[in-house]
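Scroll down for the structure; my scribbles are underneath it.
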Amino acid sequence: MLVLAAIPVRGPASASRATPAGSSRGTRDWLSSLVLRTADKERTTTLSDNATPGADDGTEPDARFTMANERTFLAWSRTALALVVGGLAIAQLLPPFPNVPWGRSVIATPLILLGAALSVLSYFEWRASQRALRLGSPLPRSQLPKILAFTIAVIALVAGAVDLYSRLTSR
């Protein structure tokens, strides 16, 4: 990162103006012009030297932000995997509800589908955040927590309804 505030700039003509030998002012003007041109070149770089041909435009973000974005993606992936495993465990290990043979499937299937959807949506979220980091724009707001909370609440209500229905019909 270059600090431009510490180097005074005299204007575009200052770099090409001839100065007497031994003058530090000419060297300083030339250096500040070089720094400004270098900074402008860094700002207008469209792709990283290591970018693949299909990479997003923009500059390479700080590695810390890229890794934080990847960690967030991996956390969503672990959540998706836990939902799928939880759904499979309900389908296979939960004792059947009396008089409700479809009870386990009604609870397990939405969990498995939510896990599958979450894994795909988290990738799109990672990609959108990475693009925003590259372009220096604000990060998009995540809809995943809202989707996850709403769907899990609905599944919990369905599970409670299945349990109540099972108890009422078994009397």
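The values are calculated or read from the model by the stated rules, or taken from the named source; none is laboratory data. These figures come from a predicted structure and were not determined experimentally. Backbone-built Cβ (ideal geometry, glycine too); neighbour counts: all protein chains shown.
Figures for the structure shown
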read-out	value
Test result for residue 166, more than 30 Å from residue 68 (Cβ to Cβ), at pLDDT below 95 and exposed (fewer than 14 other Cβ atoms within 10 Å of the Cβ)	no
Verdict on residue 111 being modelled with pLDDT of 95 or more, surrounded by 15 or more Cβ atoms within 10 Å (Cβ to Cβ) and either in a loop (DSSP other than H, G, I, E, B) or aliphatic (A, V, I, L, M) (or both)	yes
Filtered residues of the stretch 35-79 (kept if modelled with pLDDT of 85 or more, β-branched (Val, Ile, Thr) and more than 29 Å from residue 115 (Cβ to Cβ))	59
Candidate set from the stretch 66-108 (those that are more than 22 Å from residue 121 (Cα to Cα) and of a type in the set (Gly, Ala, Ser)); member that is surrounded by the fewest Cβ atoms within 10 Å (Cβ to Cβ)	89
Residue 158 in the same structural domain as residue 68 (by TED's automatic domain parsing), over 23 Å from the mean Cα position of the chain (by Cα), at pLDDT 95 or above and among the hydrophobic types (A, V, I, L, M, F, W, C)	yes
Residues being in contact with a strand residue (DSSP E or B) (Cβ under 9 Å, 6 or more places away or on another chain) and hydroxyl-bearing (Ser, Thr, Tyr) - total across the stretch 137-171	4
Pick from the stretch 134-150, criterion outside any loop (DSSP other than H, G, I, E, B) and in contact with a Leu (Cβ under 8 Å, 6 or more places away or on another chain), ranking: nearest to residue 124 (Cα to Cα)	144
Tabulated pairs, the stretch 98-116, first in contact (Cβ under 8 Å) with a residue 40 or more places away in the chain and within 15 Å of residue 170 (Cβ to Cβ), second small (Gly, Ala, Ser) and surrounded by fewer than 18 Cβ atoms within 10 Å (Cβ to Cβ), C-beta under 8 angstrom, 6+ apart or interchain	98/166; 98/170; 99/166; 99/170; 100/166; 103/166
